Each structure stands twice: as structure tokens, then as C-alpha cells.
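So the structure is just underneath, and the comments pick up after that.
The values are calculated or read from the model by the stated rules, or taken from the named source; none is laboratory data. Since this is a predicted model, take the numbers as computed values, not measurements. Here the Cβ positions follow ideal geometry from the backbone for every residue, glycine too, while neighbour counts run over all protein chains shown.
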Amino acid sequence: MAAANGVISRNRQRKGKDLWTRNQAGELVSVYIADDEYEEARFILDKIREHDRDLADYAIFYRTNAQSRILEEALSRQGVPYVIVGGFRFYDRAEIKDLLAYLRVINNPRDSISLLRIINVPTRGVGKKTLEMLKDLAAEKACSLGQAVELWLDEGSGTGKARQALADFVRQIHRWRQLQGQVSVGDLLQEIIAATDYHNWLQRGSNRHLYDSKKENIAELFNSIISWERNEEQPSLAGYLESVALISEVDREAPEQSRVTLMTLHGAKGLEFPVVFMAGMEEGLFPNRKCYNRDAEMEEERRLCYVGMTRAQEKLYMIASRSRQFQGVRNENKPSRFLLDIPRELIDAQASGASGHRPAYRTRKPEQYSSPGREGPAASAPSRRSKSPQPSSTTEFAIGSKVQHPVFGPGVVAAAEGSGKDAKLVIIFRDRGRKKIALQYASLTKG
């Protein structure tokens, strides 16, 4: 309580009152600085094993839904059952299921279930009557839904908007199948999103906060692809989809099992758990960078932190990562200002790779939080094998030089940054506009 009061006391609009408890003074708040989001997840798993309590005693809180992906995968791989409260598992979220369905249809032309999901997503004018007719045709001909669509088009049946929409859709699917194996899975997914105008479709059907959450989930899907590809000597679309299937099918049975609870901080109010982990305690993530110049929203972020801290009945862990990946770019991060609001005598602080090390928490200076983080050459996600071939150097592509991308077409290099695996180019493509490309996966040619 004293640690949480230290955080909330900095809110200017709050009346000066502190929560208190009849319980005796408990353990210190454990603050851990991990190298990256993968080590953050490993640290949490290690502590769960170390405490050896009923799994229902543990809760993991995070600021954004997208953060759950790595935590879910870490728990699943170790066979630790979990439940997400107030939301869906990462791979069960609508936007993730949509995009994976596109990849599955490209990989397997006979996947009728995935095709049925995306045949009118985004909306392309294929109505229920047309869909029912196509399903009946598939049953009559004992073929897949995709084959039924092509049969219907070949026979010249139907007219108008639905026919044209399906013809365009089939052409797109065929083109993406031709790209399969020629480009990375991430580039293929980028092409799908751009060609279908998926982001704009999502935005039209969502309020701002919901769209922001969906956009963050899609960015995290790209992170999952990039991390997977780095660990594979011969990455392929089929291999990635198989890895997703394995992860998402773990822990589907025995719902009566005791489970670790995962949830966003927004969903934590009114709940209590013996042991609480607060993940992602970094500037730019929590507090969210969108709140930096908005006093009321920053105070709401601090209240969220206070709520999360006060959900812990016995033990509280707060974890920050020195670096975190976003859309293929690894950013260096500073610890959240909320960690520095906690009185130093109430903290047991440790950092990755320094057992027993207690880093000093200095008094904050206003300029300390002038920027949420910077791009830097931080270590990438842990890799079992080095990827071959090694990425090209940005020096091979001078600013102003013309390049050709297998998906985005011709473009001109506008800027270059990073080196090695972190090398990136900003390219202005003739037909697709400005994009930042990870050089390791770009398959660029000069000319």
C-alpha cells in the first residue's frame, strides 16, 4: 500500500488520502529490469515455479492487449495453463484470425473454413445468398469452397458486383500464392494488408481505442513472424502456420484446471490475487506515449498503475524491459516513471545478468522523460540458430538510389539506419508510398 500511495500521490487532482491495511508490513516490491520482452516472460515463469503455489494465485497484468502474445506463448510452451480475463487469447482475436486465415488460404487452397472467414473480409460485396449458393455448389460437386468459387466463375454464372468481387479476390489469391516462397512471410502479410485496405476497413468499423488496440495486435503479429523467421534456417509460410497451430492448440482442454490469470490493467479493478506481476513497466508503454502531453490522461495512467499495484495481496513484481520490438524495430526503453515514484526503501530492485544487483534509483529530472525511447542496436529476440544469409549493409543502397522490391515494386531510397540485423531502409515506392523496410528480409535488388 505504501508503494502504491507513493505513485498515486503525484497526481495533482487527487485528494490527499492513502489506502491502508490491517495486515502487517509485507514484502518489498520486487522490480526487475529484463533485457527484452522474452526475458521478461522467462522471469515471470521462473518466479511462478519458485513460489510453487496454486496457479490461480498468480495474475499477470499488462497495459495493452498486444503484450499478451509473448506471455501466452511462454506459458504454453512450458505447459502452464492460463486464462485471459476480459478478452481473447492473442490468436483468437478477430483481426489476428482474419489475417491468419488469409495466410492459410494461400498456403492451402482446400482450406474452406479459412476461405469462408475472409471471402467477404474486408467487405467486398459478397452477400449471404451468394455464399449459400457457393456452399451448395461445393457440396454438390464434392469439392472445396475455393474450387466451387472458381467453377462458378468459369461457368459464367451470376452477374454484377458479387461476381466481379469474387473474380478480383481469386486473382489476388493466385498472385499471393505465386509470391509464396519468393518473399518473407512478413512481406507477404504486408502485401495482403495493403491490397485489401484492411487497416482502413478496421478503422471504419471501430472507435479510436478499439482500433488502436487492433492495430497494436497486428503489429505484434508481425513481431511473431519476424522472431520466428530469425529462429529458422529455412522459414516458410507452412512452417510458420504450423508453429501458430501448435501454440494456439496448447491448453485447450481441461477447463476445470487451475490457471494463471492474464489481463489488461483496465480489467483488474475489483480483483485481488496473492501474487501479481505487472509487465511492460517502460516509458512509452506504461505510461503510454500518447499521454505525454495530456495531463488528464497521464493522471489516468497513474491511477491504472495504482490499481494494478493494489491488486497484490502478498507479493508484487514490476518488470521493465530494456528493449522491446515493435513492427520489426527493436527500441531501447527507459524504466517507467511510475517505478521511480515508489519510495526507494520499499523496492527490492534487480537487473538482468546481475544476481543480487540493486541498481540505484536516482531522483527524476523533468528532461529524463522527454522522449519515450529511441531506436538502437539492442539485441534481437533470442535465437537458437543464426540466420543465413546475413543481411546486407545499408551502405550497399545509397540514399537516392533506385531499388526494386518483389512485393512493393520500384522505389527510391530516402534514408538508411542501423547495421547488421537492425539495418533498415526508408524507401518511397512508386505505387505504395513511404515504407520502412528491415533490410534482412527485404529481398531488394538495385535498379
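A Cβ distance below 7 Å, combined with a sequence gap of six or more or placement on separate chains, defines the contacts here; from region 111-134, residues that are assigned by TED's automatic domain parsing to the domain that holds Gln147 reach residues that are of a type in the set (Asp, Glu) and exposed (fewer than 15 other Cβ atoms within 10 Å of the Cβ) in the pairs Pro122/Asp197. Residue count for region 188-211 satisfying the condition of being crowded, with 17+ Cβ neighbours inside 10 Å and either of a type in the set (D, E, K, R) or in contact with a Ser or Thr (Cβ under 7 Å, 6 or more places away or on another chain) (or both): 1. Scanning region 322-333 for residues that are among the aromatic types (Phe, Trp, Tyr) and either at pLDDT 95 or above or buried (at least 18 other Cβ atoms within 10 Å of the Cβ) (or both) turns up nothing. Set side by side, the residues Glu72, Glu150 differ, and just one is outside the structural domain of Asn223 (by TED's automatic domain parsing), within 30 Å of His199 (Cβ to Cβ) and among the charged types (D, E, K, R), which is Glu72. Here region 241-257 is the region considered, the condition is being of a type in the set (Asp, Glu) and closer than 14 Å to Val83 by Cα, and the residue that is modelled with the highest pLDDT is Glu249. Checked against (1) in contact with a Ser or Thr (Cβ under 9 Å, 6 or more places away or on another chain); (2) surrounded by 15 or more Cβ atoms within 10 Å (Cβ to Cβ), Leu246 passes all but condition (2). Return the residues of region 44-81 that are crowded, with 21+ Cβ neighbours inside 10 Å and in a helix (DSSP H, G or I); say none if nothing qualifies. Correct list: Ile44, Asn65, Ala66, Gln67, Ser68, Arg69, Ile70, Leu71, Glu72, Glu73, Leu75.
Table: residues versus (1) modelled with pLDDT under 95; (2) in contact with an Asp or Glu (Cβ under 9 Å, 6 or more places away or on another chain); (3) of a type in the set (D, E, K, R).
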{"position": "Val121", "(1), (2), (3)": "no, yes, no"}
{"position": "Gly127", "(1), (2), (3)": "yes, no, no"}
{"position": "Leu145", "(1), (2), (3)": "no, yes, no"}
{"position": "Asp154", "(1), (2), (3)": "yes, no, yes"}
{"position": "Gly160", "(1), (2), (3)": "yes, no, no"}
{"position": "Leu179", "(1), (2), (3)": "yes, yes, no"}
{"position": "Ser184", "(1), (2), (3)": "yes, yes, no"}
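For the residues Leu116, Leu145, the requirement of being under 29 Å from Leu241 (Cα atoms) and more than 30 Å from the chain's Cα centre (by Cα) singles out Leu145. Closer than 25 Å to Asp187 by Cα, without any contact (Cβ under 8 Å) to a residue 24 or more places away in the chain, assigned by TED's automatic domain parsing to the domain that holds Leu103 and within 17 Å of the chain's Cα centre (by Cα): does that describe Tyr240? When the stated conditions are applied, Tyr240 does not pass them.
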